[in-house]
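The block underneath contains the structure these notes are about, expressed in structure tokens.
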Amino acid sequence: MAALSENMLTVSMLLSVVFLPGVLAACPNPVLIANTPGQMEALSGSCLQIPCSYSATHPTYGKSNVYYGIWLKTYSNVNTHPSAAIFSSSGSVNIYSLKMIGKPSEQNCTTVFPDLITSYTDKYYLRIENGEYKATDICHPLHITVKDSPWSPSINVPSDLKEHQSVTVTCSAFTPCPHSPPQLTWNLQQDSLRQTEKNTDGTFTTKIQENITLSDTHDGYNISCSARYPVIGGNKTAETEVTLSVSYAPRNTSASISPSGLVSAGSWVELSCSSRAKPPPRFTWFRISKNGIINVSSVQQQLLASSGRH
């Protein structure tokens with residue numbers, strides 16, 4: 001009978017491996033599911049706001065009016081690794097001075113992580129305790145990477161720019177901590193309004209915008225934008241630059257003849273025409289005679305000037 005029971009147990013385990021591959025094998029019927037970005041980057045000397053919510057399915061959840069949100073570092077089993085607990089909203093532990101600004105009772109575990117250093121790079125697990133309900137989401141850890149160098153801002157300019165066109169130029173920067181957003185400056189209008197916006201995944205972006213009406217003088221113009229992040233003991237700055245490419249109609253068109261003045265019949269003269277445009281202009285020569293205007297030549301130029309002899 002003992003042998004039969006052992007065989008039945010072995011078969012049951014084998015079926016579990018076959019029908020629950022990958023992550024599902026490690027997380028059958030999770031009773032706690034944390035919703036975070038999964039991967040986040042932070043800047044050393046600054047803070048990080050972690051957008052976090054959760055769902056709980058076990059019948060014991062909600063039986064108590066007391067809810068605690070807990071963060072574990074590196075290890076997901078607080079029983080075998082009690083030192084993994086770095087924060088509890090109960091106040092019993094707070095090694096890194098975290099602050100859970102969300103309410104665990106409302107399934108909101110949003111947390112601010114201050115004064116980060118590179119050694120805090122690790123994976124973090126959410127744990128919720130509510131009376132008899134005590135669960136850790138081992139399947140969806142949050143991976144935090146703390147870096148020393150700030151992120152370069154991005155400059156967004158519409159494509160296919162043309163003169164007389166009104167466009168909006170935007171400089172934006174990743175904002176790990178909306179309580180301490182980066183200061184954006186550029187070589188456009190300096191009083192551009194700074195806005196910090198919430199993204200769909202709960203993270204934040206800081207941006208400045210400027211509307212400009214394009215002309216030929218904007219072609220080849222370099223727009224530079226810098227993001228200055230406040231950190232402990234000072235600031236960290238990164239910069240980005242883009243060059244505008246603007247199409248414009250021909251201008252400064254001129255024609256000349258050499259030699260000038262009266263010339264003898266049968267002699268050669270050089271006709272020159274120049275203009276500035278983007279894309280390069282096409283030049284066409286016409287001869288006016290008693291029979292009217294005759295198209296003499298049509299030349300597509302790769303440069304800003306063309307010349308011909310007649």
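The values are calculated or read from the model by the stated rules, or taken from the named source; none is laboratory data. Everything numeric in this text was worked out from a predicted model, so none of it was measured. With ideal geometry, Cβ positions are generated from the backbone for all residues, glycine too; neighbour counts draw on all protein chains shown. In case anyone asks, the SASA skips ligands and DNA or RNA and just uses the protein heavy atoms, side chains included. Shrake-Rupley method; radii C 1.70, N 1.55, O 1.52, S 1.80 Å.
Going by average Cβ density within 10 Å per residue, which order do the peptides 216-223, 137-144, 197-204 take, highest to lowest?
Top of the packing list down: 137-144, 216-223, 197-204.
Give the Rg/Rh ratio for the range 152-258, taking Rg as the radius of gyration of the Cα atoms and Rh as the Kirkwood radius, to two decimals.
1.15
Per the 1.4 Å probe, what fraction of the accessible area of the range 119-257, in percent, lies on carbon and sulfur atoms?
45
Of the listed peptides 145-151, 38-44, 190-196, 174-180, what is their order by residue-averaged count of other C-beta atoms within 10 Å, with the highest listed first?
By packing density, highest mean first, the sequence is 174-180, 38-44, 145-151, 190-196.
Could you please report the charge total around Val78, scoring K, R as +1 and D, E as -1 over all other residues with beta-carbon less than 13 angstrom from its beta-carbon?
+1
Starting from the Cα of Val263, step 7 Å along the direction of its Cβ; do the same at Lys123; then give the gap between the two resulting points in nm.
For the pair Val263/Lys123, the computed spacing is 8.2 nm.
Work out, step by step, the length gained on full extension between Val242 and Ser224: first 0.36 nm times the residue separation, then minus their alpha carbon distance; give nm to one decimal.
5.8 nm
Spin-label point model (7 Å from Cα, Cβ direction): what's the Val93 to Ser154 distance in nm?
Result for the modelled spin labels: 3.8 nm.
Gain in length, Gln39 to Glu106, computed as 0.36 nm per residue apart minus the alpha-carbon separation, to one decimal in nm?
21.8 nm is the gain from fully extending Gln39 to Glu106.
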